[in-house]
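Structure record follows, encoded as structure tokens.
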Amino acid sequence: MKFRVNRDVLADAVAWVARALPNRPAVPVLSGLLLEADDDLVLSVFDYDVSARASIEADVVEPGRVLIPGRILAEITRSLPGEVVEVVTSGVEAVLTCGSAEFGLLTMPVEDFPALPEMPPKIGAIGGGVFAAAVGQVAPAASRDETLPMLTGIRVDIAGEGVTMATTDRYRIAAREFTWRPEGPDTTAAAMVPARVLVDVAKSLRGGEVSVSLGDGVAGFESVGRSTTVRLLDEQFIDYRSRLTGDWSIRADVRVAPFIDAIKRVALVAEPNTAIRLSFSPGQVLIQAGGGDVGRGTEIVDAELSGGDIQIAFQAQFLLDGLNGVETEFVRLNMESPSRPALITEVPGDADPAFRYLVMSLRLG
């Protein structure tokens, strides 16, 4: 195999594919990055759960396939000078040359590398920006506890032109609704996609339109010559919609940016896992934290309150995760009592809010 390729194009493609390499591969061959040179250069990784593939233009002199340790290849290509890169296989080495720099990388047995899964049937497409924003809003509420796989995923419910993404870690629920372009008006589907994979995909494919594929327990995402497949989790999930609706007797509207800044400042004196206390009264919210060995902090932010005064407490980061997901100028906190969860929503006028975030309150000390 022999090919030449632009250094920046190669480094970018290698970095994108290598992000899907497993941290602890089940077998050494899964730490490899497969290069296939024919009409174009295709780079791939696969660990039986997640695959990533990128296709780039290259001057292919001799077609062929080679498997190279992926992480070291990513480190090398990122550090190369800005000249044309040439890769030639010679015996058990892949010789990479760029300017006066030369690396001889020991290859891995390409015949042992598993075949990548086929992309499932396409079911629709969405703008990369909307896709990334929706994933970013709900992902913080997904659990990191791998002993409960259901809680580590993002639930995706599709009904025609409407899509809902939802997550929960038992202490909060986040949901975001948006529209997309389905392949057919009667398209319906439900899937549980691992949150860590979907976050990575959303960040890397936010530039253009993202094609979404689904079938046989696999989801696929593709945009501008790059594609990812991921094995789905079990479809079991909570009835999140019923928990995000209801009548709340107390409502407070607060400007998002100063509210977040004030919470971050006051939280500086809060001990780990202690509460941020919010005291709502006409025209304002008093934010309080601390009182232990470090000290205490308070700040007042303007708020429009209806339904009566209330004092309620939350875990600081859980509260900030919900507020950071709000894309409107104002946020609405819907509350019932200090011991009940609160629903955070955007304030888009008369329309139904696209983003909802239910967070449990903490017992006031």
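The values are calculated or read from the model by the stated rules, or taken from the named source; none is laboratory data. Here the structure is a predicted model, which is why all the values come from computation and not from measurement. So basically every Cβ, Gly included, is an ideal-geometry build from the backbone, and we count neighbours across all protein chains shown. With ligands, DNA and RNA removed, areas are computed over all heavy atoms of the protein, side chains included. Shrake-Rupley method; radii C 1.70, N 1.55, O 1.52, S 1.80 Å.
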Give me the net charge for the shell around Gly217: Cβ to Cβ below 13 angstrom, other residues only, Lys and Arg +1, Asp and Glu -1. -4
Estimated FRET transfer efficiency when R0 is 22 angstrom, pair Glu271-Gln311 (beta carbons, to 0.05): 0.70
Computed from these coordinates, which is Rg and Dmax of the Cα atoms in Å: [x] 24.7, 78; [y] 21.8, 64; [z] 23.2, 72? [x]
Counting Lys and Arg as +1 and Asp and Glu as -1 over every other residue whose Cβ sits under 12 Å from the Cβ of Ser55, the net charge comes to -4
When we measure straight from the Cα of Lys264, which aspartates and glutamates land under 15 angstrom away, once same-chain ones fewer than 8 places off are left out? Glu299, Asp321
At R0 = 41 Å, how high is the FRET efficiency between Glu161 and Gln284 if r is their beta carbon distance? Nearest 0.05 is fine. 0.50
When the accessible area of the chain is split by element with a 1.4 Å probe, what percent falls to carbon and sulfur? 48 percent
At most 15 other C-beta atoms within 10 Å and a DSSP loop state: those are the exposed trypsin sites (Lys or Arg not before Pro) I care about. Give me the longest piece of the chain that has none. 171-362
For Asp302 and Met360, extending 7 Å from Cα along the Cα-Cβ vector and measuring point to point gives, in nm, a value of 3.6 nm
Can you give the relative contact order of the chain as a percent, counting alpha carbon pairs under 8 Å and 6+ residues apart? 13 percent
Please give the Cα centre distance for segment 158-173 versus segment 278-299, rounded to the nearest Å. 32 Å
What percent of all Cα-Cα pairs in segment 64-191 falls into each 10 Å bin, going from 0 up to the bin containing the maximum distance? 10, 25, 19, 22, 21, 3
If each part is reduced to its alpha-carbon centroid, segment 41-66 and segment 116-143 end up apart, in Å, by 23 Å
Return the loop-located GluC sites (Glu not before Pro) in segment 73-143 (DSSP other than H, G, I, E, B) with at most 12 other Cβ atoms within 10 Å of their own Cβ; answer none if there are none. Glu118
In whole Å, largest first, the alpha carbons of segment 199-303 cover along the principal axes 53, 33, 27
With R₀ set to 35 angstrom, the calculated FRET efficiency between the beta-carbons of Arg243 and Glu75, to the nearest 0.05, is 0.15
Taking only protein heavy atoms into account and a 1.4 Å probe, give the accessible area per residue of segment 113-199 in Å². 41 Å²
Taking a quarter of the surface of the convex hull around the Cα atoms of segment 260-365, what do you get in nm²? 6.4 nm²
Net charge around Ser100, counting only other residues with Cβ within less than 13 Å of its Cβ (Lys, Arg = +1; Asp, Glu = -1)? -3
Can you give me the Rg/Rh ratio for segment 240-279, using Cα atoms for both radii and the Kirkwood formula for Rh? 1.09
